[in-house]
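Notes to accompany the following structure.
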Amino acid sequence: MSVVALAGGVGAARFLEGLVQVVPPEELTVIVNTGDDMANFMGLYISPDVDIVTYTLAGIVDHKKGWGIEGDTFHALQALQKLGFDTWFSLGDQDLGTHLARTAMLQQGWSLSKATQAISELLGVRCRIIPMTEQWVPTRIVTDVGLIHFEEYLVKRKAQDAVEDVLFDGIDRTVPSPGVLDALEQAETIVVCPSNPIVSIGPILAVPHIKPGIMKADAVKVAVSPIIGGKPVKGPADKLMEGKGIEVSAVGVAQIYEEFLDIMVIDKEDQHLTPRIEELGMRVVIEQTHMTSMARKKKLAQTVLAAAREQKRKS
Ligand code: FO1
């Protein structure tokens, strides 16, 4: 039953809340995007997607926002504002604890994987969370006002700039974190979570050896479309897909994963796209992909795993 999930931020984390109800934690490895990371934000190493997945699986995430810690306060941020700092990235006081701890671990020579594992275990997460790589490889957006870090594009500038391209600086010089390739090789199912295919899953697939590792793995590869009815449930996936000249639909997502994907899970609303996705050589499974309740999250996860088991039986 070993499952490997490729995950980005909020959409993936919400899906994972369902997945951990149907997969024993010791059988689940989550490979997380680190392209959003900021290596020196006010002197801190910040790993947004890793923290979103960790806090969500630890049961402490702010569910409304999808990031940060439930009930967190922002006294440190308010103090920084008084001292004239531009606090465009909202870091809560407990969230700052995580960034201070991770930064201290890294400064003591711990790898990003080790720091991530320590923090997730200390927060009570029982499945394995591995950053895609340990080298800092920031995702930068080429816009009409220049090259900007993804988080600055998304949060500081509210995703208003025209996207001309998306760059993963230096990603061809990175290597997968320890355990990533083994997990892919041993997996029975590889699930691509409903994350932004360009800046959340894209960086993971761009780390050398990961996409080839997925392609040659025996596992059944299943993706859940993050695009429903031509729109993302949350976030700028449409703007980034348009910026890359990719159709903003479940078909466009299937095209991005075409080289390795066996099954595409799409929403009932997109049922009419089935023939176009099947033409890409993959099976289509229809399910309610709006994760509006824990029951829906669990049902979606069950459908994904059942489809993978069905495919395994057929092959
Ligand atoms: N997203 C925002 O829209 N505004 C924020 O101020 C913000 C702060 C933040 C702090 C820590 C963290 O882990 C995530 C945070 N996010 C914030 C979410 C983040 O910008 C993106 O949603 C993910 O990186 C994309 O997957």
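The values are calculated or read from the model by the stated rules, or taken from the named source; none is laboratory data. Everything numeric in this text was worked out from a predicted model, so none of it was measured. Virtual Cβ from ideal backbone geometry, glycine too; neighbours counted across all protein chains shown. Keep in mind that these areas ignore ligands, DNA and RNA; they rest on the heavy atoms of the full protein, side chains included. Shrake-Rupley method; radii C 1.70, N 1.55, O 1.52, S 1.80 Å.
Total residues in the range 6-29 satisfying the condition of being more than 16 Å from MET294 (Cα to Cα) and within 14 Å of the ligand (Cβ to nearest atom): the figure is 4. Listed by first and then second residue, the pairs with beta-carbon distance under 8 Å, at least 6 apart or on different chains, first residue in the range 302-315 and over 11 Å from THR189 (Cβ atoms), second open to solvent by less than 90 Å² (accessible area, probe 1.4 Å) and among the aliphatic types (A, V, I, L, M), are GLN302/VAL22; THR303/VAL265; THR303/VAL285; SER315/VAL220.
Test ILE129 against the stated conditions and say whether it is touching a Leu at 6+ places or on another chain (Cβ under 6 Å) and under 21 Å from GLY18 (Cβ atoms). So ILE129 fails the test.
Among the residues of the range 210-249, the one identified as within 16 Å of the ligand (Cβ to nearest atom), of a type in the set (A, V, I, L, M, F, W, C) and either at positive phi or open to solvent by 40 Å² or more (accessible area, probe 1.4 Å) (or both) is VAL233.
With the structure loaded, tell me whether VAL285 is more than 18 Å from the chain's Cα centre (by Cα) and part of a strand (DSSP E or B) or whether it fails that test.
Details: more than 18 Å from the chain's Cα centre (by Cα): yes; part of a strand (DSSP E or B): yes.
Yes: the conditions hold for VAL285.
From LEU106, LEU122, grab the single residue that is away from the ligand (no atom under 16 Å from the Cβ), more than 19 Å from the chain's Cα centre (by Cα), more than 24 Å from VAL304 (Cβ to Cβ) and open to solvent by less than 60 Å² (accessible area, probe 1.4 Å).
Details: LEU122 fails: open to solvent by less than 60 Å² (accessible area, probe 1.4 Å).
Criteria check complete, one pass: LEU106.
Among the conditions (1) touching a helix residue (DSSP H, G or I) at 6+ places or on another chain (Cβ under 9 Å); (2) touching a residue at least 60 places away in the same chain (Cβ under 8 Å), ASP267 misses just one, which is (2). Annotation note: of VAL145, VAL199, VAL207, VAL175, the sole residue that is within 12 Å of the ligand (Cβ to nearest atom) and either in contact with a strand residue (DSSP E or B) (Cβ under 7 Å, 6 or more places away or on another chain) or farther than 19 Å from GLY8 by Cβ (or both) is VAL199. In this entry, TRP136 is excluded by the filter for residues that are within 13 Å of the ligand (Cβ to nearest atom) and either closer than 20 Å to ASP62 by Cα or in contact (Cβ under 8 Å) with a residue 12 or more places away in the chain (or both).
Considering each residue of the range 260-296, count those that are of a type in the set (Val, Ile, Thr) and surrounded by fewer than 21 Cβ atoms within 10 Å (Cβ to Cβ), and give that number.
Matching residues across the range 260-296 total 4.
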